[in-house]
Amino acid sequence: MKARVFTALGLLPIVVAALFAQVSWPLWALGGLVLLLAARELPGLLSPLPWSLPLLALLSWLTLPLAPPSYAVLFALWGLGVLSAASGQRGMWRVEGAAFWIAAPLASLAVFHAHAPQGALMLLFGPIWLGDTVALFAGKAFGKHKLAPRWSPKKTLEGAVAGLLSSLAIGAVLAPFFHYAPIAGAVAGGLAGGLGQAGDLFESALKRRAGIKDSGSLLPGHGGLLDRIDSLLFAAVPVLWLLSVSR
């Protein structure tokens, strides 16, 4: 737990600085680095993986500032990535396409940042961070019913509900600071919390299928980079699309 806290505290200022920057390039650059590092963990998580589409995803990322994609494109790429990762086999949904499970959500952060009030990405990150923390401690204190024992034996229904409620609440509290109505913030927060938990379980299922505990060892106390951003990868595109049409 101590290593987990120290790692989080070390990364937090970097991420927050990018979220609140007046320009989008720090977030774009940070996202590109995260994409590159996270893509390195895909082979162990899914299967031997050719680098063709991960490299294509990175190339798409590098051209993002020239022609930002619409949310429809991001949804399509994200859906391709999720289905590819879920299938885990070659065929109609090729496993190589799983790179877009990472690339599309990260791209959505830069797209949203360029057109939203400064710091408004906290309406995505805040609910995910708080919900994850509350779910962890509430589950340890009050958890009695397993949420998904097949995929993640330590997660409890009580922890999940507490995390979801806290995500909804923090979304409503933060919304006025970024010129959104509290109800829009609450919906976005609840969606971020719910999809974040689904993303966590999704990656847990992939790890269970691959027979590994963590996606990597890059982050002490957390495991791999995908272990840290799995919630974000499920929540980013839907939540940011919702916020983009709520102003």
Legend entry - Ranked by how many other beta carbons lie within 10 Å on average, peptides 240-247, 35-42 from highest: 35-42, 240-247
Legend entry - Estimated dipole of the chain in Debye, rounded to 20 [Cβ of Lys and Arg +1, of Asp and Glu -1, Cα centre]: 620
Legend entry - Packing-based ranking, highest mean first, of 165-173, 116-124, 153-161, 206-214 given that Cβ atoms within 10 Å are counted: 165-173, 116-124, 153-161, 206-214
Inset, instruction - Would you work out if the range 106-247 is rounded, prolate or oblate? Take a ≥ b ≥ c from the square roots of the eigenvalues of the alpha-carbon gyration tensor; rounded if a/c is under 1.5, else prolate when a/b is larger than b/c, oblate otherwise. - result: oblate
Inset, instruction - Taking amide H positions as placed in the peptide plane 1.01 Å from N, state which residues far from Lys146 in sequence (5 or more) or on other chains have amide H under 5 Å from it. - result: Leu157
Inset, instruction - At a temperature of 10 °C and a viscosity of 1.306 mPa s, determine how fast the chain diffuses translationally according to Stokes-Einstein, using the Kirkwood radius over alpha-carbon pairs as Rh; express D in µm²/s, rounded to the nearest whole number. - result: 88
Legend entry - Local net charge near Arg209, Cβ-Cβ under 12 Å (Lys/Arg +1, Asp/Glu -1): +2
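With an 8 Å Cα cut-off and a minimum separation of 6 or more residues, compute the relative contact order for the range 104-247 in percent. Don't skip to the answer; put the middle values down first.
Working: 242 pairs, mean separation 38.1, N = 144.
The value is 26 percent.
Since every read-out is calculated from the coordinates, none of them should be taken as a lab result. These numbers come from a predicted model, not from an experiment. Don't worry about glycine lacking a Cβ; one is built from the backbone with ideal geometry, like all the others, and counts go over all protein chains shown.
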